[in-house]
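Comments concern the structure below.
Nothing in this text is a laboratory measurement; each read-out follows from the coordinates by a stated rule. Quick caveat: nothing in here was measured; it's all calculated off a predicted structure. Positions of Cβ are backbone-derived with ideal geometry, glycine not excepted, and every protein chain shown enters the neighbour counts.
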Amino acid sequence: MLLEQIYTDFRPLLFSLAYRMLGSAADAEDIVQDVFSQFVAMDQGEVSNVKAYLAKMTTNRCINLLRSSRRQRETYTGPWLPEPLPIDRPVMPADPAERRENIGYAYLVLLQQLTPLERAVYVCKETLGLEYKDLAEMLGKTEPGCRKIFSRAKQKIGRISWNTDTRQHRIEAQERFVEAFLKASDEGNFKPLLAFLTDEVTLISDGGGKARAALKPILGVDRVRAFFEGLSAKGRFREGFEPVAVNGEPGLQLKQNGRVAMVLSVEWEPDGSRIRRIFLMVNPDKLLRFNRSSPGTCR
């Protein structure tokens, strides 16, 4: 297989893998480029399974980066959230292996609960569909060990349904929430939004010390409502929200002085009934792709 064809065929998948592990598109791009640079310089004739080999290189680099950046995240100002991407809503493919890759932002947040090794096993199993023997060889572990790691990771993440009907129901509910939020922000009255939220809803905002944000999660429906009403009263929503695709699902963006300054997305209850977490990204470093004329892409 020609190197150019290998790059075309596997780059999107490797970016998908690295982005899910790291929560950073910029870091994912750097790692994928580094992997292909090293692959070009080696003797490809010694590689029997190109996909598995490239996945191994990418995974190991992600694990090393996560371990080396652990202290940096521990000293991060306020909550750390993954970088959202302005990706249009994907069409659900027929192949279950491909369907696993169509994950929303809330799922990306859940992945950050896992240790680097748990994330590697879980993402490679879910995204690439690798067998336990492949994972064991890739990570230098035993097959039973990889099974235990995957089971532990799955318990932390919780049960995720890839049923097309369930996803469609959630998308439709999210579209109704977006419309309700647009109206609420225009009128300055956020009371109608309460019907979408659980009583224990949590709002998490990421400013990274570079933009004004709540340094701790805001807990409870009354406090979340007061938070939005307070920002509205101060004129923070003056330029108005706009609908935008966030990691393939309906979300909202807010511009200030012509640039995207806030992106909002949500996490629903497993049954899709109400929203249990709201994510606000205001760190300008993680909004660069929303301010580009050509949005980034991800499988």
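Table for the structure above
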quantity: Distance-filtered residues of the stretch 240-272 - backbone nitrogen under 16 Å, label point 7 angstrom along A180 Cα→Cβ; calculated: 250-252, 265-272
quantity: Cross-link reach list, lysines versus K210, counting only Cα pairs under 19 Å and skipping chain neighbours closer than eight places; calculated: K255, K286
quantity: Sites matching GluC sites (Glu not before Pro) across the stretch 1-62 that sit in DSSP coil, with at most 10 neighbouring C-beta atoms within 10 Å; calculated: none
quantity: Per-peptide average of other Cβ atoms within 10 Å, ordering 68-78, 224-234 highest first; calculated: 224-234, 68-78
quantity: Net charge contributed by nearby residues that have their C-beta within less than 12 Å of Q113 (K/R +1, D/E -1); calculated: +3
quantity: Spatial extent of the stretch 176-228: Rg and Dmax, with the Cα atoms as the point set, Å; calculated: 11.9, 33
quantity: Separation in nanometres of the label points that stand 7 Å from Cα toward Cβ, at D30 and R223; calculated: 3.5
quantity: Extension reserve of the Q113-N49 stretch, reckoned as 0.36 nm per residue once the Cα distance is removed; calculated: 20.0 nm
quantity: Base-10 log of normalised Debye intensity for the stretch 164-291 (one unit scatterer per alpha-carbon) at q = 0.20, 0.21, 0.22 Å⁻¹; calculated: -1.26, -1.39, -1.53
quantity: Relative packing of 37-45, 51-59, which averages over residues the other C-beta atoms within 10 Å, highest first; calculated: 51-59, 37-45
quantity: The chain: C-alpha gyration tensor shape, a/c 1.5 cut-off, then a/b vs b/c; calculated: prolate
quantity: Theoretical FRET efficiency, 1/(1+(r/R0)^6), r = Cβ-Cβ of Y7 and L288, R0 35 Å, to 0.05; calculated: 0.90
quantity: Where only alpha carbons of the stretch 197-252 are counted, the Rg and the Dmax (Å); calculated: 12.6, 31
quantity: Over the chain: helical MRE at 222 nm, DSSP H runs n ≥ 4 each giving -39500 (n - 2.57), nearest 500; calculated: -15000 deg cm²/dmol
quantity: Over the chain, relative contact order from alpha-carbon pairs under 8 Å, at least 6 apart, %; calculated: 22
quantity: Considering only the chain, percent of DSSP beta bridges that pair antiparallel, nearest 5; calculated: 75
